[in-house]
Amino acid sequence: MKLSQTAFAAFLSIAIPSAEAFTPASLSVTASGSSTQMTFSNSLSFASLNPPSLSSEFDLLSSSPLFARIDEYDDDEDEDDEDEDDDDEDMDDDFPSLTASRQGSTKFPKLDPYDPNPPIKPRPGRYGFQSLEKEMDETVPDSSLIQTMSQKQREENLKIMRQIKNSDLADLRLRKDHAGWVDANNDLKTRTKADPWFRINDKIRDAYLLGEEEEAERLKEIAERLGGPPPGVKVGDRGYALHTDIFDIGLSVSRAQSALEQSVLEERVRRGRAMAAERRKNLDKEKKAWEDMLRNPGEREDKEAQARRERTMRRIMGEIEEENKKREERAKEVLGQLPELPKDNVTSLNKALQEAREDVKRLRKMRREGRGLGEVSEDADLTFINPEDRLAATDAGLSAESSKPRGSAARAREAAAAEAAGGRPRLPGDSDVTRGEIDIPIESSSLKISGPLTVEVSSSYNNAQSDPPMRKHCFQYTIRITNNSPTDTIQLLSRRFEIQTVGSSMKDVVQGQGVTGRTPILKPGEVFEYTSTAPLSVRPIATTVIAARMKGEYKYVKLSEGQENATEEQIKEGGDASAELGMFHFVFPEEQRVKPVTAVYDDDDDDDEPDMKTTTVSSSTYSSTRTASVAPSAETPPAPKVAASPASTLPGDTDMSSGNILVNASDSSNVVTDNVRVQVSSIYRPERSDAKLDKHCFAYNVRITNESSSQNVQLVSRRFEIQTIGSDTKDVVQGAGVTGRQPILKPGESFEYTSTAPLSVKPMLDKTAVVARMQGEYNFVLLGDDGTSPLSSTPLQAKMGVFHFILPNLEAA
């Protein structure tokens, strides 16, 4: 250490003459004893810039007392290392020190590295160190704080504070604008100090956390005196507002996730405790059962057997009671009312004896009157044995056949038929339809005028939807309702039909609100027309050509002037009057009738009869038909015949197979081909559908228009391609005519019909609401000038555009 001190002193001695020009005159280096001191004053004077000669420098160096230290160093060179340590301790005394006489200079204290409490203030932390500004604020007593801001100013101040805290500081930090961040933070502090309530709020929080209730109450009074919290800040139950409430800081994602995890953990703990409690309860129960079994062997098995017997008896009694209820309901349906049943066996026996006595009296009376030998067969009519009963029945207009009590077998058959009808009301049928020997003229159409309404109906056989081998015959009927009144506006409210199939003794009654789901309003002269289908399960009978007989009525109401719809009272009363639907028949086509077997006779007289041929030509304009007798002519070519072929299959579209529809899913189409326009639209029929069984029924309306200016056309056949969703193939349906007819369309005329498409398909509602796709064409021929003779045997095609059967929103419906 002495060596370093000596070297530094030598350096100063050599450097002093060289730096004399830049050294203040008041600076002096003094060496006394073992220390060298350097002092300077505030007044500075610069010496001459000419340095002394080099010899004078060596003289100064030789005369300097610093070289004496070198001799001392040589003398102490052989001392021990312990002496060097002592010299190190005296280093501060031997090293020259600088003392500044400048006024206001800072003197740094001597630091001890081993001092556990250094005089330097540590770096401010979150909780330990308070800023100097806060210490200055603490100089103002709490009781002397005064609110200098109005409520509106405080609200505006709080709004700006929240803006700085929640948006500005974060934005400046992301942009790394430190100066802007410091300015914004200082602005936030200034605004916090402007409202003294924030200071009191922090002190209330500290007092509450430290448990100083009295201090907290005192500070609450001061806070109330300062006007309470700013508008928009909510104070909790503890008496102070949280930091998040003041700055309107929402729940962070991490905190929300932590709260959710805590809730899940608490729920798991609760379930675990519940499971543990249940397990303890079960163990206690098993332990108790084991102890009971040890104390009373066999008692447990007896209790279990008793419980099984009780359960069995309850089940049996419940089944018996349910069966009795069903029998009572069946008896009520068959008999019209529930008969009086005996309450006990004695009453039942007395009732049987009384009936036997009455039968004996009736037989004796028959013997006395000579009306039999006293023996009554099972087929005997005992309904009107008494003359007074016969007279009463005659007055009431009843016949013995209708009033004859029916046997249990007949009643059972009627009940089974009613149940098979799906719960619909049933009425006794016409006897001629039951026998299959029709007493009245057979007509497939009717026209009936009832008051202001005219109801017309025409029917036809639907080959496309029929399956004769399975006794499934589908008929189609078109109803046209015309308002003939010149002044009254009429609204149809409901319908009621009676249908009796051939061979059945009962009529099915079909009734409901509206017509095809609507309640149409007919103004004077207007017409409402619709087409519906009647799928029948019937077998042709050789004695008749009809499949069923149908009639009915429509309830309607006359709307007053200015009234748009019928009122609730009018609907509840069922309307003002009814329009009758005249009786008509569903007639089997020639190929579906039973051909009677007749004998063949060789009679020469038959050859003399003239040979006549009758040709039926069907033409339809808005569902109207006509027939004509035409003599055969050699010049007239025969009409093209298209034989109906069974349904076949074709490869389907891939988008329908996958459910990812690639084309516009429209429920209608409109295409013109060779001056023939084909328009089609579809609608869902919920009353004939069952989504649980994947049964979906649609109705589609087709309108075919001849847009030629001078050419008549005749539709001769049709061909449809239908593909259901999820299927890999298309079903091809083709046949002669349209709805069993081959209508002739004059220029500008149209033919319109409605058919149904019952589909058995499982929808892909997660992908699309489409359940089927349909397209096809109609074959037609051009007719000559007479309007009936085809010009060519090769038919043309009118395309039916692609359309879809689309499910509606069933949940909303």
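Roughly how far apart, in whole Å, are the Cα centres of segment 791-811 and segment 705-772? One Cα centre to the other: 4 Å. Here the label points at Ser348 and Gln163, each 7 Å from Cα along the C-beta direction, are separated by 9.5 nm in the simple model. For segment 206-287, applying the loop criterion from DSSP together with a ceiling of 16 other beta carbons within 10 Å to the trypsin sites (Lys or Arg not before Pro) yields Lys234, Arg238. Computed over protein heavy atoms with a 1.4 Å probe, the accessible surface of segment 739-809 works out to 41 Å² per residue. Counting only protein heavy atoms and a probe of 1.4 Å, the accessible surface of segment 241-330 is 52% carbon and sulfur. A compact globular protein would have a Cα radius of gyration near 2.2 N^0.38 Å; the ratio found for segment 659-775 is 1.21. Points 7 angstrom from Cα along the Cβ direction at Val527 and Asn670: gap in nanometres? If labels sit at Val527 and Asn670, their model points lie 2.2 nm apart.
Note the full-extension length gain between Ala256 and Glu291 as 0.36 nm times their separation in residues minus their Cα-Cα distance, in nm to one decimal. Could the numbers behind the result be given before it?
Numbers: separation 35, 0.36 × 35 = 12.60 nm, distance 5.20 nm.
Result for the pair: 7.4 nm of gain on full extension.
With a simple spin-label model that places each label point 7 Å from the Cα along the Cα-to-Cβ direction, the separation between Thr649 and Lys176 comes to 7.0 nm. Once the 1.4 Å probe is applied to the protein heavy atoms, segment 210-259 comes out at 69 Å² accessible per residue. In the full protein context, segment 476-550 carries 40 Å² of accessible surface per residue, based on a 1.4 Å probe and ignoring ligands, DNA and RNA. Given +1 at the Cβ of Lys and Arg, -1 at the Cβ of Asp and Glu and no other charges, the dipole of segment 748-799 around its Cα centre is 520 debye to the nearest 20. Annotation note: trypsin sites (Lys or Arg not before Pro) in segment 417-520 located in DSSP loop regions with a Cβ neighbour count of at most 12 within 10 Å are Arg471. Taken about its Cα centre, segment 671-741 carries a charge dipole of roughly 200 debye when the Cβ of each Lys and Arg holds +1 and the Cβ of each Asp and Glu holds -1. When you filter the GluC sites (Glu not before Pro) in segment 287-361 for DSSP loop state and at most 13 other Cβ atoms inside 10 Å of their Cβ, you are left with Glu340.
Taken over the C-alpha atoms, segment 748-813 has Rg and Dmax values of 18.8, 57 angstrom.
Taking R0 as 30 Å, what FRET efficiency do you get between Glu707 and Ser793 from their Cβ-Cβ distance, rounded to the nearest 0.05?
0.80
When the accessible area of segment 754-800 is split by element with a 1.4 Å probe, what percent falls to carbon and sulfur? It is 51 percent, rounded to a whole number.
FRET efficiency for Lys234 and Arg270, Cβ-Cβ distance as r, R0 = 35 Å, nearest 0.05?
Details: r = 31 Å, r/R0 = 0.89.
About 0.65, to the nearest 0.05.
Less than 13 Å Cβ to Cβ from Glu355, Lys/Arg counted +1 and Asp/Glu -1: what total charge do the surrounding residues give?
Net charge in that neighbourhood comes out at +2.
Under the convention that each Lys and Arg Cβ holds +1 and each Asp and Glu Cβ holds -1, the size of the dipole of segment 700-813 around its Cα centre is about 180 debye.
The values are calculated or read from the model by the stated rules, or taken from the named source; none is laboratory data. Quantities reported herein were computed from a predicted structural model and do not represent experimental measurements. Neighbour counts are summed over all protein chains in view; Cβ atoms, including those assigned to glycine, are modelled from backbone coordinates with ideal geometry. These accessible areas exclude ligands, DNA and RNA; they are computed on the full protein's heavy atoms, side chains included. Shrake-Rupley method; radii C 1.70, N 1.55, O 1.52, S 1.80 Å.
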